[in-house]
């Protein structure tokens, strides 16, 4: 009887490693958005883009820039929040690499640093433009139609915080 119990525990333990963890299990509630900062050369490249396009934006302590179109009036997300957003992402050459006009649900802990740092700056119902240096985006990795070391521009609407 004890032997069957031990065998059952061993089998169950081996399968528990296959279970998906929830996003909040990997979330760091002590996340510091100023801890990782883009290098000066990347910050300057974003500033150059903004200047060349006549855009005014606020610099975040991480080195990304942002413009809040609508601050929103609802709940504020944190890095551990489940949220729903709509967004458009494009490159500095104007190429749109992704658009989501229907709200998608995600956990803020599972997105690029630029989003982790930027989305908590608005409340539910708000809209923000994020100008993200490569270090806070995909860095030296390419992703689908996003070349490595790209500055990313996002228009994000925070539909809801769950």
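The values are calculated or read from the model by the stated rules, or taken from the named source; none is laboratory data. Please read these numbers as outputs of a predicted model, since none were measured by experiment. Reconstructed Cβ throughout: ideal geometry from the backbone, glycine too, with neighbour counts over all protein chains shown.
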### Task
Answer yes or no as to whether residue 18 is at pLDDT below 95 and in contact with a strand residue (DSSP E or B) (Cβ under 9 Å, 6 or more places away or on another chain).
no
### Task
Assess whether residue 63 counts as being modelled with pLDDT of 95 or more, part of a loop (DSSP other than H, G, I, E, B) and touching a helix residue (DSSP H, G or I) at 6+ places or on another chain (Cβ under 6 Å).
yes
#### Entry: Inter-residue pairs, beta-carbon under 6 Å, first at positive phi and in a loop (DSSP other than H, G, I, E, B) and in region 114-125, second at pLDDT below 95 and surrounded by fewer than 20 Cβ atoms within 10 Å (Cβ to Cβ), 6+ apart
125/74
### Task
Kindly list, by first and then second residue, each pair from a residue in region 52-75 that is more than 16 Å from residue 152 (Cβ to Cβ) to a residue that is loosely packed, with under 13 Cβ neighbours inside 10 Å, limited to pairs with Cβ atoms under 7 Å and residues at least 6 apart or on different chains.
61/34
### Task
Report yes if residue 41 is at pLDDT 95 or above, under 22 Å from residue 149 (Cα atoms), out of contact with any strand residue (DSSP E or B) (no Cβ under 8 Å at 6 or more places or on another chain) and assigned to a loop (DSSP other than H, G, I, E, B), otherwise no.
no
### Message
What pairs come out if I take residues in region 93-105 that are surrounded by 12 or more Cβ atoms within 10 Å (Cβ to Cβ) and pair them with residues that are assigned to a loop (DSSP other than H, G, I, E, B) whose C-beta lies under 6 Å away, six or more apart or interchain?
### Response
97/145
